[in-house]
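The values are calculated or read from the model by the stated rules, or taken from the named source; none is laboratory data. What you see is a predicted model, and the numbers here were worked out from it, not measured in a lab. Positions of Cβ are generated from backbone atoms using ideal geometry, with glycine treated the same way; all protein chains shown enter the neighbour counts.
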């Protein structure tokens, strides 16, 4: 059977250092270093598969042993990788990250993959890919052409699109694209850049008021702002449902996959027909499970999400 949800996004190979003691940015730090499969799109595809979604992934990897390792892992999770191209070089990005003693990101440098590879996939196969699925998940800031083309195709074929942020540059240049999304999910830093003001994460009602005002003024359908351990706020302009969802107290090993897991759990719940408030609760649960482990995704999960 064809996949119900198609994910357009990147693959990264993460090199992560975990500080064993208090992290000193100017000194030497003892800890452990690991190479881990990552990338927003890859993480979301694997998160979705882990909670039972039928997923197809559109991306690129290096034509190397590491690239093959990434593909094999995705295949083993039941993900369709027929639209993942192997490139001689720069098919996937690199992310150098340092996690402090609490498992939170302390510093990072990223090297983007060559997006012309995915650009060509969208040009040559985008229409058939979008026409053949039910839902689209789009890493919005791949580049202007990929994002606008996928959104245009989804509109033509009546597909719902859910957007996730890798960085904000394409979104800030193309703000109207957010109106074409079924739901947009971002963190408080990204929301602050979008709304051009700081999000009061310790004042949920104030944050929610800002969210409602922005969504109504800019014509979005629904939006969620995650605020780390302070929880999240959500607003569905279609149903007028809004509210605050607290976080779940969790022993953190690595928080870097929290946003992707939250997004995946929330979106899959929306696809299954749950209202936004309940969907955000599922996203919160999946994120709490994910940050307990030293990878950006968790398989197998400790229980059934739904």
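The set of residues in segment 161-187 that are over 26 Å from residue 111 (Cβ atoms), without any contact (Cβ under 8 Å) to a residue 60 or more places away in the chain and in contact with a strand residue (DSSP E or B) (Cβ under 9 Å, 6 or more places away or on another chain) comprises 161, 178, 180, 181, 184. When segment 124-133 is filtered for residues that are in contact (Cβ under 8 Å) with a residue 24 or more places away in the chain and either surrounded by fewer than 15 Cβ atoms within 10 Å (Cβ to Cβ) or over 23 Å from residue 260 (Cα atoms) (or both), the ones remaining, listed by number, are 125, 126, 127, 131, 132.
Just one of the listed residues (194, 138) is surrounded by 18 or more Cβ atoms within 10 Å (Cβ to Cβ), touching a strand residue (DSSP E or B) at 6+ places or on another chain (Cβ under 9 Å) and either in contact (Cβ under 8 Å) with a residue 40 or more places away in the chain or outside any helix (DSSP H, G or I) (or both), namely 138. Go through (1) out of contact with any strand residue (DSSP E or B) (no Cβ under 7 Å at 6 or more places or on another chain); (2) surrounded by fewer than 16 Cβ atoms within 10 Å (Cβ to Cβ); (3) more than 17 Å from residue 258 (Cα to Cα); (4) in contact (Cβ under 8 Å) with a residue 40 or more places away in the chain one by one and return the number of the condition residue 96 breaks. The number of the failed condition is (1). Screening residue 149 with (1) modelled with pLDDT of 95 or more; (2) assigned to a loop (DSSP other than H, G, I, E, B) gives one miss only, at (2).
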